[in-house]
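What follows is one structure encoded as structure tokens, with my remarks underneath.
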Amino acid sequence: MTLTAGEKLSEHENPGEATIQVLEGRVELHGGGASWNGSVGDLITVPAGLHSLDAVEDSAFLLTVVKQL
């Protein structure tokens with residue numbers, strides 16, 4: 001996925017276990033009252049429940065989701 005600087009994925013539920021691997025740029029993940037900064041090469045575990053993602057810079061990231069049945 002890609003986002004330009006200032007774009008965001010608004011708050012949404014986590015459909016299963018998920019990670020974000022930052023390929024380019026910088027992102028900030030928010031969820032459960034905490035936040036995590038991600039830069040190139042970082043792998044971030046997406047928290048359960050509601051969360052959102054902001055692009056601090058033009059960014060490309062790999063979102064991997066293991067959907068629970």
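Residues that are over 11 Å from the mean Cα position of the chain (by Cα) and small (Gly, Ala, Ser) were ranked within segment 9-35; the one that is modelled with the lowest pLDDT is Gly16. When Gly49, Gly38, Gly6 are screened for being at pLDDT 95 or above, at positive phi and not aliphatic (A, V, I, L, M), only Gly6 passes. In segment 46-60, the residue that is surrounded by the fewest Cβ atoms within 10 Å (Cβ to Cβ) out of those that are part of a strand (DSSP E or B) and more than 8 Å from the chain's Cα centre (by Cα) is Ala60.
Across segment 14-35, the number of residues qualifying as more than 17 Å from Met1 (Cβ to Cβ) and either loosely packed, with under 11 Cβ neighbours inside 10 Å or among the hydrophobic types (A, V, I, L, M, F, W, C) (or both) comes to 3. Taking segment 1-39, which residues are among the hydrophobic types (A, V, I, L, M, F, W, C), in a loop (DSSP other than H, G, I, E, B) and in contact with a Leu (Cβ under 7 Å, 6 or more places away or on another chain)? Residue satisfying the conditions is Met1 alone.
The number of residues in segment 37-64 that are without any contact (Cβ under 8 Å) to a residue 60 or more places away in the chain and under 17 Å from Ser10 (Cβ atoms) comes to 11.
The values are calculated or read from the model by the stated rules, or taken from the named source; none is laboratory data. Quick caveat: nothing in here was measured; it's all calculated off a predicted structure. Glycine also receives a Cβ, built like all others from the backbone with ideal geometry; neighbour counts cover every protein chain displayed.
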